[in-house]
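Working notes, beginning with the structure itself.
The values are calculated or read from the model by the stated rules, or taken from the named source; none is laboratory data. None of these values were measured; they are calculated from a predicted model. Positions of Cβ are backbone-derived with ideal geometry, glycine not excepted, and every protein chain shown enters the neighbour counts. Only protein heavy atoms, including side chains, enter the accessible area calculation; ligands, DNA and RNA are left aside. Shrake-Rupley method; radii C 1.70, N 1.55, O 1.52, S 1.80 Å.
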Amino acid sequence: EHILDAGRVTSLEWAFLDTRNTTIKADDPPRKKRKKQQPLGSQERSDKGAFEVVLLGLSDGTLHVYSPTHARILRTLSDPSSTSPLIALDASISPPHTLLVCSCGGDGILRFWHVNTGVHVGKTKLDERSPYTAVRADPNSYSEDNSDEIESAPIRALVATHRIRLVSCTPGGPNGTLKEAATEIAAFTGHASNVTQIKWQPKSSRSFASI
């Protein structure tokens, strides 16, 4: 259980945080002793230094990284331009072992955050009149083959109002900005009202489901 000092949670998402590429001290003992510690997540995710966290998007535009294991907020990410509620979040792993978060705000802006470094990578706004209500990062945006080219690797994500758009943009510009603004790769119509969730087919970026 966690109680916020200020604001309220407007979105949340589970993620894995790998501390091999971060300054976060994740070896602090939990606040309360537990009768039995169960391994977190799948076997391949239970390596030393990697554990589950909950990403919390707040009504004031900040992003909290909460660890149930340590019963505390590990990191708070903020940016002066992000003051609207974070409506939707999604996370993906980019090399080397970096947790990348995509967020949709009430201001209609799509933002990207590097949790390990605490950097607001950049933001972009398409020509939608309404704020995005759902976002889902492409699980195959990155591969081990281009792990040494993270600064130039593009990010792909599905964003939606009543229309779903597949967009691509490139982080790594000066002062944590985007090298290139988001460009639309494809658009999908058919919903009469705003989309609430999008899910990629597991281990694939060729098919997705939406509601």
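May I ask you to list pairs of residues, at least six apart or on different chains, whose Cβ atoms are under 8 Å apart, with the first in the range 99-118 being on the phi > 0 side of the Ramachandran plot and the second being among the aromatic types (F, W, Y) and open to solvent by less than 10 Å² (accessible area, probe 1.4 Å)?
That search, which allows pairs on different chains as well, returns G108/Y132.
Which one of these does I3 not meet: (1) at pLDDT below 85; (2) open to solvent by 50 Å² or more (accessible area, probe 1.4 Å); (3) of a type in the set (A, V, I, L, M)?
The one condition I3 does not meet is (1).
Going by what's in this entry, would S103 be described as among the polar types (S, T, N, Q) and crowded, with 23+ Cβ neighbours inside 10 Å? Explain how you work it out, then say what you get.
On the way: among the polar types (S, T, N, Q): yes; crowded, with 23+ Cβ neighbours inside 10 Å: yes.
Yes: the conditions hold for S103.
Is one or more of the residues making up the range 68-81 acidic (D, E) and open to solvent by less than 20 Å² (accessible area, probe 1.4 Å)? Explain how you work it out, then say what you get.
Let us first name the residues in the range 68-81 that are acidic (D, E), namely 79.
From what's left, open to solvent by less than 20 Å² (accessible area, probe 1.4 Å): none.
No.
For I93, which of the numbered conditions (1) touching a Leu at 6+ places or on another chain (Cβ under 8 Å); (2) buried (at least 20 other Cβ atoms within 10 Å of the Cβ) fails to hold?
Answer for I93: the failing condition is (2).
I'm told T117 meets every condition in (1) of a type outside the set (A, V, I, L, M, F, W, C); (2) modelled with pLDDT under 80; (3) under 30 Å from F51 (Cα atoms); (4) surrounded by 15 or more Cβ atoms within 10 Å (Cβ to Cβ) except one. Can you identify the failing condition by its number?
The failed condition is (2).
Take the residues of the range 120-139 that are open to solvent by 20 Å² or more (accessible area, probe 1.4 Å), assigned to a loop (DSSP other than H, G, I, E, B) and free of Cβ contacts under 8 Å to residues at least 60 places away in the same chain: which is nearest to T183 (Cα to Cα)? Talk me through it step by step, then tell me what you get.
Step one: filter the range 120-139 for residues open to solvent by 20 Å² or more (accessible area, probe 1.4 Å), giving 120, 123, 125-131, 133, 136, 139.
Subsequent filtering for residues that are assigned to a loop (DSSP other than H, G, I, E, B) retains 125-131, 133, 139.
Narrowing the set further to residues that are free of Cβ contacts under 8 Å to residues at least 60 places away in the same chain leaves 125-129, 131.
Values: K125: 10, L126: 8, D127: 11, E128: 13, R129: 17, P131: 17 Å.
If we take residues in the range 120-139 being open to solvent by 20 Å² or more (accessible area, probe 1.4 Å), assigned to a loop (DSSP other than H, G, I, E, B) and free of Cβ contacts under 8 Å to residues at least 60 places away in the same chain, then L126 is nearest to T183 (Cα to Cα).
Looking only at residues that are modelled with pLDDT of 80 or more and of a type in the set (K, R) in the range 165-210, which one is farthest from V135 (Cα to Cα)? Even if it seems obvious, please write down each step before you answer.
Step one: of the range 165-210, the residues modelled with pLDDT of 80 or more are 165-168, 183-202, 206-210.
Add one more test, that the residue is of a type in the set (K, R), and what stays is 165, 199, 206.
Working: R165: 10, K199: 9, R206: 16 Å.
Of everything passing the filter in the range 165-210, R206 is farthest from V135 (Cα to Cα).
List the strands (runs of 3 or more DSSP E) inside the range 27-86, counting only whole elements, that have at least 2 residues being at pLDDT below 90 and farther than 24 Å from A6 by Cβ. So that I can check it myself, show each step before the final result.
Working: elements: 50-58, 63-67, 72-77.
Here the list reads 50-58.
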